[in-house]
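Heads up, the thing below is written out as C-alpha coordinates.
The values are calculated or read from the model by the stated rules, or taken from the named source; none is laboratory data. The structure presented is a predicted model; accordingly, all values stated were derived computationally and were not measured. No Cβ is skipped: glycine too gets one built from the backbone with ideal geometry, and neighbour counts run over all protein chains shown. The protein model used for the area step is the full one, side chains on, heavy atoms only, and it has no ligands, DNA or RNA in it. Shrake-Rupley method; radii C 1.70, N 1.55, O 1.52, S 1.80 Å.
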Amino acid sequence: SRRQKAAPELTASVALELTDLAMQHMIFQARLSRRQDANGITTPNGERYAIWADGIDELEFLISTNRGEQPKALAKIASGGETARLMLAIKGVLQTRNGVGALVFDEIDSGVGGRAADIVGQKLWGLSKRCQVLCVTHLPQIAAHADHHFHVDKPVSDGRTRTRVTTLEGQNRVLELSLMLGGRETEASKSTARQMITGAERIKNIKQDEPHPHR
(Lines give C-alpha, C1' and ligand atoms only; values in the text may rest on other atoms or scores of the structure.)
Protein backbone atom coordinates (compact mmCIF):
# COMPACT_ATOMS: atom_id res chain seq x y z
CA SER A 1 0.00 0.00 0.00
CA ARG A 2 2.93 2.32 0.68
CA ARG A 3 4.32 1.59 -2.78
CA GLN A 4 0.94 2.28 -4.38
CA LYS A 5 0.92 5.64 -2.63
CA ALA A 6 4.57 6.44 -3.40
CA ALA A 7 4.43 5.69 -7.16
CA PRO A 8 2.29 8.73 -8.15
CA GLU A 9 4.26 10.92 -5.73
CA LEU A 10 7.50 9.87 -7.43
CA THR A 11 5.94 10.47 -10.86
CA ALA A 12 4.90 14.01 -9.93
CA SER A 13 8.24 14.88 -8.30
CA VAL A 14 10.29 13.63 -11.26
CA ALA A 15 8.03 15.59 -13.62
CA LEU A 16 8.99 18.79 -11.75
CA GLU A 17 12.69 17.96 -12.10
CA LEU A 18 12.28 17.24 -15.82
CA THR A 19 10.71 20.66 -16.31
CA ASP A 20 13.82 22.22 -14.79
CA LEU A 21 15.96 20.11 -17.14
CA ALA A 22 14.14 21.45 -20.24
CA MET A 23 12.27 18.15 -20.71
CA GLN A 24 8.82 19.45 -19.77
CA HIS A 25 7.19 17.65 -22.71
CA MET A 26 8.40 14.24 -21.56
CA ILE A 27 5.89 12.03 -19.76
CA PHE A 28 7.33 9.95 -16.93
CA GLN A 29 5.49 7.22 -15.06
CA ALA A 30 6.45 4.86 -12.25
CA ARG A 31 4.29 1.77 -12.79
CA LEU A 32 3.75 -1.03 -10.29
CA SER A 33 2.59 -4.46 -11.45
CA ARG A 34 2.34 -8.03 -10.16
CA ARG A 35 2.94 -11.30 -11.98
CA GLN A 36 0.40 -14.03 -11.42
CA ASP A 37 1.99 -17.37 -10.49
CA ALA A 38 0.18 -20.57 -9.51
CA ASN A 39 3.14 -21.42 -7.28
CA GLY A 40 3.44 -17.96 -5.81
CA ILE A 41 2.28 -16.44 -2.56
CA THR A 42 -1.44 -16.09 -1.85
CA THR A 43 -2.65 -12.56 -1.16
CA PRO A 44 -5.73 -11.56 0.88
CA ASN A 45 -7.79 -11.26 -2.32
CA GLY A 46 -7.11 -14.93 -3.11
CA GLU A 47 -4.79 -14.26 -6.04
CA ARG A 48 -1.37 -15.93 -6.20
CA TYR A 49 1.60 -13.84 -7.30
CA ALA A 50 5.30 -14.43 -7.89
CA ILE A 51 7.34 -13.13 -4.98
CA TRP A 52 10.81 -11.57 -5.12
CA ALA A 53 13.33 -10.49 -2.51
CA ASP A 54 11.49 -7.17 -2.12
CA GLY A 55 7.93 -8.48 -2.25
CA ILE A 56 5.38 -9.13 -4.98
CA ASP A 57 5.54 -5.73 -6.69
CA GLU A 58 7.51 -5.08 -9.87
CA LEU A 59 8.43 -1.49 -10.68
CA GLU A 60 9.01 -0.18 -14.19
CA PHE A 61 9.76 3.36 -15.37
CA LEU A 62 7.87 4.41 -18.49
CA ILE A 63 8.45 7.51 -20.64
CA SER A 64 7.04 9.23 -23.68
CA THR A 65 9.45 11.61 -25.40
CA ASN A 66 7.09 12.82 -28.15
CA ARG A 67 3.65 14.36 -27.97
CA GLY A 68 0.84 11.94 -28.72
CA GLU A 69 2.93 8.84 -28.04
CA GLN A 70 1.99 6.39 -25.31
CA PRO A 71 4.60 5.87 -22.55
CA LYS A 72 6.91 2.91 -23.15
CA ALA A 73 9.67 1.24 -21.13
CA LEU A 74 12.46 3.73 -20.41
CA ALA A 75 15.10 1.03 -20.89
CA LYS A 76 13.95 0.43 -24.47
CA ILE A 77 13.40 3.89 -25.95
CA ALA A 78 15.44 6.51 -24.04
CA SER A 79 18.51 7.97 -25.76
CA GLY A 80 21.81 8.43 -23.95
CA GLY A 81 21.17 12.11 -23.24
CA GLU A 82 17.60 11.46 -22.13
CA THR A 83 18.73 8.66 -19.83
CA ALA A 84 21.40 10.89 -18.29
CA ARG A 85 18.95 13.66 -17.48
CA LEU A 86 16.30 11.21 -16.30
CA MET A 87 18.77 9.65 -13.88
CA LEU A 88 19.68 13.11 -12.61
CA ALA A 89 16.00 13.90 -12.07
CA ILE A 90 15.32 10.61 -10.28
CA LYS A 91 18.45 10.88 -8.11
CA GLY A 92 17.55 14.47 -7.29
CA VAL A 93 14.18 13.36 -5.95
CA LEU A 94 15.32 10.22 -4.15
CA GLN A 95 18.39 11.78 -2.53
CA THR A 96 16.19 13.94 -0.31
CA ARG A 97 14.54 10.77 1.02
CA ASN A 98 17.24 8.12 1.31
CA GLY A 99 20.08 10.14 2.82
CA VAL A 100 22.79 8.96 0.40
CA GLY A 101 26.07 10.65 1.31
CA ALA A 102 27.64 10.75 -2.16
CA LEU A 103 26.51 10.52 -5.79
CA VAL A 104 28.80 9.74 -8.74
CA PHE A 105 27.81 10.77 -12.27
CA ASP A 106 30.09 9.41 -14.99
CA GLU A 107 29.59 10.85 -18.50
CA ILE A 108 26.20 12.35 -17.62
CA ASP A 109 26.78 14.77 -20.51
CA SER A 110 26.40 11.98 -23.09
CA GLY A 111 24.13 13.30 -25.84
CA VAL A 112 23.46 16.57 -24.00
CA GLY A 113 23.69 19.84 -25.94
CA GLY A 114 25.12 23.13 -24.71
CA ARG A 115 21.91 24.80 -23.53
CA ALA A 116 20.74 21.70 -21.66
CA ALA A 117 24.27 21.16 -20.29
CA ASP A 118 24.12 24.47 -18.42
CA ILE A 119 20.86 23.40 -16.77
CA VAL A 120 22.36 19.99 -15.92
CA GLY A 121 25.30 21.80 -14.31
CA GLN A 122 22.93 23.84 -12.17
CA LYS A 123 21.03 20.72 -11.07
CA LEU A 124 24.24 18.88 -10.18
CA TRP A 125 25.36 21.82 -8.06
CA GLY A 126 21.92 21.89 -6.42
CA LEU A 127 22.37 18.24 -5.46
CA SER A 128 25.77 19.05 -3.97
CA LYS A 129 24.05 21.24 -1.37
CA ARG A 130 22.66 18.04 0.19
CA CYS A 131 25.35 15.43 -0.50
CA GLN A 132 28.76 15.09 -2.12
CA VAL A 133 28.58 14.99 -5.92
CA LEU A 134 31.42 13.68 -8.08
CA CYS A 135 30.94 14.28 -11.80
CA VAL A 136 33.06 13.24 -14.77
CA THR A 137 32.32 15.56 -17.68
CA HIS A 138 33.76 16.85 -20.93
CA LEU A 139 31.38 19.80 -21.21
CA PRO A 140 32.57 23.20 -19.96
CA GLN A 141 28.98 24.27 -19.27
CA ILE A 142 28.78 21.58 -16.58
CA ALA A 143 32.33 21.99 -15.27
CA ALA A 144 31.80 25.73 -14.79
CA HIS A 145 29.30 25.03 -12.01
CA ALA A 146 31.71 22.93 -9.94
CA ASP A 147 32.82 24.11 -6.51
CA HIS A 148 36.07 22.16 -7.03
CA HIS A 149 37.47 21.40 -10.48
CA PHE A 150 40.04 18.66 -11.14
CA HIS A 151 41.87 17.61 -14.27
CA VAL A 152 42.62 13.91 -14.65
CA ASP A 153 45.20 12.59 -17.09
CA LYS A 154 47.33 9.45 -17.52
CA PRO A 155 51.01 10.23 -18.12
CA VAL A 156 53.49 7.43 -18.88
CA SER A 157 56.52 7.28 -16.60
CA ASP A 158 59.20 4.56 -16.57
CA GLY A 159 57.14 2.48 -18.95
CA ARG A 160 54.03 2.58 -16.74
CA THR A 161 50.80 4.52 -17.04
CA ARG A 162 49.86 6.46 -13.95
CA THR A 163 46.76 8.44 -13.09
CA ARG A 164 47.37 12.06 -12.14
CA VAL A 165 44.79 14.36 -10.58
CA THR A 166 45.43 18.11 -10.59
CA THR A 167 43.37 20.73 -8.77
CA LEU A 168 42.46 23.60 -11.09
CA GLU A 169 42.11 27.11 -9.68
CA GLY A 170 42.28 30.65 -11.00
CA GLN A 171 43.85 30.98 -14.43
CA ASN A 172 44.48 27.24 -14.68
CA ARG A 173 40.77 26.63 -14.46
CA VAL A 174 40.06 29.32 -17.04
CA LEU A 175 42.59 27.70 -19.37
CA GLU A 176 41.05 24.23 -18.91
CA LEU A 177 37.54 25.50 -19.65
CA SER A 178 38.81 27.35 -22.71
CA LEU A 179 40.40 24.12 -23.98
CA MET A 180 37.16 22.24 -23.31
CA LEU A 181 35.34 24.87 -25.37
CA GLY A 182 37.42 24.69 -28.51
CA GLY A 183 40.40 22.39 -28.16
CA ARG A 184 42.94 25.22 -28.20
CA GLU A 185 43.74 28.30 -26.17
CA THR A 186 42.64 31.64 -27.65
CA GLU A 187 41.81 34.99 -26.11
CA ALA A 188 38.21 34.54 -27.21
CA SER A 189 37.89 31.10 -25.61
CA LYS A 190 39.50 32.32 -22.37
CA SER A 191 37.14 35.28 -22.27
CA THR A 192 34.17 32.95 -22.75
CA ALA A 193 35.50 30.65 -20.02
CA ARG A 194 35.73 33.56 -17.57
CA GLN A 195 32.16 34.57 -18.41
CA MET A 196 30.96 31.00 -17.83
CA ILE A 197 32.59 30.86 -14.39
CA THR A 198 31.24 34.29 -13.45
CA GLY A 199 27.76 33.38 -14.68
CA ALA A 200 27.77 30.09 -12.78
CA GLU A 201 28.86 31.82 -9.56
CA ARG A 202 26.10 34.39 -9.99
CA ILE A 203 23.47 31.66 -10.36
CA LYS A 204 24.85 29.73 -7.37
CA ASN A 205 24.69 32.86 -5.19
CA ILE A 206 21.06 33.40 -6.18
CA LYS A 207 20.07 29.77 -5.56
CA GLN A 208 22.11 29.32 -2.38
CA ASP A 209 19.21 29.91 -0.02
CA GLU A 210 16.37 28.56 -2.15
CA PRO A 211 14.46 25.64 -0.53
CA HIS A 212 14.41 22.33 -2.38
CA PRO A 213 10.94 21.61 -3.86
CA HIS A 214 10.91 17.97 -2.67
CA ARG A 215 11.84 18.51 0.98
ask   = What value, in deg cm²/dmol to 500, does the helix sum -39500 (n - 2.57) over DSSP H runs of n ≥ 4 give at 222 nm once divided by the residues of the chain?
value = -14000 deg cm²/dmol
query = Taking a label point 7 Å from the Cα of Ser33 along the Cα→Cβ vector, which residues of the stretch 65-105 have an amide N closer than 12 Å to it?
reply = 72-74
note = Put Arg184, Arg67, Arg164 in order of accessible area, largest first, probe 1.4 Å, and you get Arg67, Arg184, Arg164
query = Taking the chain as a Gaussian network, Cα atoms linked when under 10 Å apart, which of Arg194, Arg202, Arg48 shows the biggest mean-square fluctuation?
reply = Arg48
query = So what's the angle, to the nearest 10 degrees on a 0 to 90 scale, between helix 114-128 and the longest Cα principal axis of the chain?
reply = 70
task = Please report Rg over Rh for the stretch 131-215, where both radii come from the alpha carbon positions and Rh follows the Kirkwood definition.
result = 1.07
For the chain, built as a Gaussian network whose Cα springs stay under 10 Å, the top-fluctuating residue of Ile142, Ile203, Ile41 = Ile41
query = Taking a threshold of 29 Å on the Cα-Cα distance, which of the pairs Lys123/Lys190; Lys76/Lys129; Lys76/Lys207 fall above it?
reply = Lys76/Lys129; Lys76/Lys207
task = Please determine, in degrees from 0 to 90 and to the nearest 10, the orientation of helix 80-98 with respect to the longest principal axis defined by the Cα atoms of the chain, where the helix direction is its Cα long axis.
result = 70
Size of the chain as Cα extents on the principal axes (Å, biggest first) = 72, 46, 33
key: Under-5 Å amide H pairs with Leu103, H placed in peptide plane, nonlocal only   = Gln132, Val133, Leu134
ask   = In sequence order, what are the phi-derived ³J(HN,Hα) couplings for the stretch 162-169 according to the Karplus relation 6.51 cos²θ - 1.76 cosθ + 1.60 with θ = phi - 60°, rounded to whole Hz, with x for glycine and proline?
value = 10, 8, 10, 10, 10, 6, 10, 9
ask   = If you average 1/r over every pair of different alpha-carbon atoms in the stretch 1-67 and take one over that average, what Kirkwood value in Å do you get?
value = 13.7
task = Using a 1.4 angstrom probe on heavy atoms only, work out the carbon and sulfur share of the accessible area of the chain in %.
result = 49
query = Can you tell which of Asp57, Asp20, Asp153 shows the greatest fluctuation in a Gaussian network model of the chain with Cα springs below 10 Å?
reply = Asp153
note = Counting sequence-distant residues (5 or more places) and residues on other chains, those with an amide H built under 5 Å from that of Met26 are none
query = Among Ala50, Asn66, Leu10, which residue has its Cα positioned farthest towards the positive end of the charge dipole of the chain, with +1 placed on the Cβ of Lys and Arg, -1 on the Cβ of Asp and Glu, and the dipole taken about the Cα centre?
reply = Ala50
key: Heavy-atom surface of the chain, accessible at 1.4 Å and reported per residue (Å²)   = 62
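What per residue convex hull volume, in Å³, do the alpha-carbon atoms of the stretch 154-200 yield?
Value for the stretch 154-200: 92 Å³ per residue.
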ask   = Helix 187-207: angle to the longest alpha-carbon principal axis of the chain, degrees 0 to 90, nearest 10?
value = 50
